[in-house]
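The values are calculated or read from the model by the stated rules, or taken from the named source; none is laboratory data. What you see is a predicted model; the values in this text were computed from it and never measured. Reconstructed Cβ throughout: ideal geometry from the backbone, glycine too, with neighbour counts over all protein chains shown.
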Amino acid sequence: MEKKGVFLVTGGSRGIGAAVALLAAKNGYSVAIFYREREDEASRVVYTIEAAGGRALAVRVDVSDETALLSGFESVDKFGHLQVLVNNAGVTGGISRLEDLSAATIEQVCRVNIVGTFLASREAVRRMSTRHGGSGGSIINVSSGASVHGTPNTWIHYAASKGAIDTLTIGLSKEVAQEGIRVNAVRPGVINTDIHEHRTVAQMMVLEKAIPMGRFGTPEEIAEVILWLASPQASYVIGTLLDARGGY
């Protein structure tokens, strides 16, 4: 198998992030994950990869904290050459109508989902860009179908933060297109993860019925899309907001 560099996944301890990390390892990458709180789950991802003969590293990083993020990237530098960054870390801020949102919640969502993605992308560009002596790479942002629907009465604050990620994807893809870096995003629909833990059974049933395919997606299905975007098969794809939403 071709020797590959480091595949970094932020928010890689569970859900979509963990599925991406495991699939990247199967595809021959050395895998690094950033996690904020769930050390046991992060360790489990690393153990699974190493037990299968792969290389893995887990680093506790709050992506909204620039100092912590820089330290995390320094750990990745020691681990190997960064080839792929997946900006997956994110928070919803809980279910709420706009009039009930606090400034603290809005700020937290923006700092993690927007500022964190900007900072991680900046560090990746500094390492990957041929302008800075790098050899290129790929950045994949995990956006959301929420950016399309707006998710009224639920989490328009989260949806708006993902809309910012869509715009970042388009702009950055053009900025670094001639520097060896491809930037794209995937917009998952309703995926069977604990992001929906605050919804009621009745709410989940309504969501399921609204999906043309009649079911929720799985983290593994989104991982396949992300690995394709990172692969040479997607070599002419930049600035794409790839919907993986079952038609919803």
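Which residue pairs have Cβ atoms closer than 7 Å, lie 6 or more positions apart in sequence or on different chains, and pair a first residue in the stretch 73-95 that is outside any loop (DSSP other than H, G, I, E, B) with a second residue that is surrounded by fewer than 24 Cβ atoms within 10 Å (Cβ to Cβ) and at pLDDT below 95?
83/4
Only one of 220, 208 is over 23 Å from residue 121 (Cα atoms), assigned to a helix (DSSP H, G or I) and at pLDDT 95 or above; which?
Just a single option satisfies the conditions, and that option is 220.
If you check residue 101 against the conditions, is it over 20 Å from residue 3 (Cα atoms) and either more than 15 Å from the chain's Cα centre (by Cα) or among the β-branched types (Val, Ile, Thr) (or both)?
For residue 101, the condition - over 20 Å from residue 3 (Cα atoms) and either more than 15 Å from the chain's Cα centre (by Cα) or among the β-branched types (Val, Ile, Thr) (or both) - is met.
Does at least one position in the stretch 174-184 carry a residue that is acidic (Asp, Glu), farther than 19 Å from residue 136 by Cβ, out of contact with any Lys or Arg (no Cβ under 7 Å at 6 or more places or on another chain) and free of Cβ contacts under 8 Å to residues at least 60 places away in the same chain?
Scanning the stretch 174-184, I find no residue that is acidic (Asp, Glu), farther than 19 Å from residue 136 by Cβ, out of contact with any Lys or Arg (no Cβ under 7 Å at 6 or more places or on another chain) and free of Cβ contacts under 8 Å to residues at least 60 places away in the same chain, so the answer is no.
Do we have residue 35 as buried (at least 18 other Cβ atoms within 10 Å of the Cβ), over 16 Å from the mean Cα position of the chain (by Cα) and closer than 15 Å to residue 86 by Cα here?
Judged against the criteria, residue 35 is not a match.
Select from the stretch 10-68 the residues that are of a type in the set (Ser, Thr, Tyr) and free of Cβ contacts under 8 Å to residues at least 60 places away in the same chain and list them in ascending order.
Within the stretch 10-68, 13, 29, 30, 35, 43, 47, 48, 64, 67 meet the criteria.
So that you can scan it fast, the table gives a plain yes or no per residue for (1) among the aromatic types (Phe, Trp, Tyr); (2) buried (at least 22 other Cβ atoms within 10 Å of the Cβ):
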residue: 56; (1), (2): no, yes
residue: 62; (1), (2): no, no
residue: 73; (1), (2): yes, yes
residue: 84; (1), (2): no, yes
residue: 90; (1), (2): no, yes
residue: 97; (1), (2): no, no
